[in-house]
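The values are calculated or read from the model by the stated rules, or taken from the named source; none is laboratory data. The model shown is predicted, which means the values in this text are computed figures rather than measured ones. Cβ: placed from backbone, ideal geometry, glycine included. Neighbour counts: every protein chain shown. Accessible surface areas use protein heavy atoms only, side chains included; no ligands, DNA or RNA. Shrake-Rupley method; radii C 1.70, N 1.55, O 1.52, S 1.80 Å.
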Amino acid sequence: LMIFFVGTIIVISSLLTYTDAGLQVGGHGGLSSSPFVSVFTQMGIPYAEDFIRFVIITALLSTANSGLYAASRMMWALSSQNQLPRLFAKVSKSGVPYVAVWVTMIGGLPGLLSEQFGADVIFKNLMGVAAFTMVIVWMSICWSQFNFRRQWLKSGHSVSELKFRTPWFPLIPILGFVTCTATGLSMAADPEMLSGFIGCLLFMAACYASYYWLYHQKA
């Protein structure tokens, strides 16, 4: 990460001005071309833009493939544990959860179609939901770690029995929870992220409602 991401940004920002890096000056802002294209073009590499476009498309296909695999297998696992309808647990003869794969692909279509219909609005909302979800997940991790150590000691165990001991406990989980909370609140204060925040809350409410219905009502 330090070499290929941070290091690359440092090198490009040191060599190029904002005009050479493809930044548009004016009321709309944005990027007119990739800074990598500008670097390769100045180096005299032919077809620089086509090369960067090929790299981007390859990376997007790789990301989509891994996301499709992870999401469909997660749906299959949740269905196998009765946390989703049993329909998603159906697999083919080769063991592929084909129903979960198809549902995941259909669910990803809004992201693909957002390029043609309201790209800015849909993209910002999708990013907002994903960002808030990750913040809440990390808040849950910090809270779980904090409670785990307390319950571990209450049950008669000692810290020396743990194979991994969180350094500077309980400062680390508390600090992580506080910083994640501050991050979430600062994002919610942004008007462009507010709709994503509301969408994330509605999604979480739907998850809890479905969990309650599957576990308590059926029982």
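Return a yes/no flag: does region 108-118 have any residue that is under 30 Å from Y69 (Cβ atoms), under 18 Å from the mean Cα position of the chain (by Cα) and surrounded by 15 or more Cβ atoms within 10 Å (Cβ to Cβ).
Within region 108-118, one or more residues are under 30 Å from Y69 (Cβ atoms), under 18 Å from the mean Cα position of the chain (by Cα) and surrounded by 15 or more Cβ atoms within 10 Å (Cβ to Cβ).
On the basis of being in a helix (DSSP H, G or I), over 27 Å from the mean Cα position of the chain (by Cα) and of a type in the set (A, V, I, L, M, F, W, C), does W152 make the cut?
Yes: the conditions hold for W152.
Please enumerate the residues belonging to region 168-181 that are assigned to a helix (DSSP H, G or I) and open to solvent by less than 60 Å² (accessible area, probe 1.4 Å).
P173, G176, C180, T181
Go through (1) part of a helix (DSSP H, G or I); (2) on the phi > 0 side of the Ramachandran plot one by one and return the number of the condition N82 breaks.
Failing condition for N82: (1).
Only residues that are part of a helix (DSSP H, G or I) and either surrounded by 15 or more Cβ atoms within 10 Å (Cβ to Cβ) or charged (D, E, K, R) (or both): list them for region 182-206, please.
T183, G184, M187, A188, E192, M193, G196, F197, I198, G199, C200
Does I10 qualify as being at pLDDT 80 or above, open to solvent by less than 100 Å² (accessible area, probe 1.4 Å), under 26 Å from the mean Cα position of the chain (by Cα) and within 30 Å of G108 (Cα to Cα)?
no
Determine which single condition M134 fails, assuming it passes every other condition in (1) surrounded by 15 or more Cβ atoms within 10 Å (Cβ to Cβ); (2) under 28 Å from P110 (Cα atoms).
All conditions are met except number (1).
Where the second residue is assigned to a helix (DSSP H, G or I) and open to solvent by less than 50 Å² (accessible area, probe 1.4 Å) and the first is within 18 Å of T17 (Cα to Cα) and lies in region 32-59, which pairs have Cβ atoms under 7 Å and are six or more apart or on separate chains?
These pairs meet every condition: S34/I52; P35/I12; F36/I52; V37/A48; V37/I52; V39/I12; F40/A48; T41/A48.
Against the definition (exposed (fewer than 13 other Cβ atoms within 10 Å of the Cβ) and assigned to a helix (DSSP H, G or I)), how does N147 come out, yes or no?
yes
Consider Q83 carefully, then state whether it is surrounded by 14 or more Cβ atoms within 10 Å (Cβ to Cβ) and over 20 Å from the mean Cα position of the chain (by Cα).
Answer is yes for this residue.
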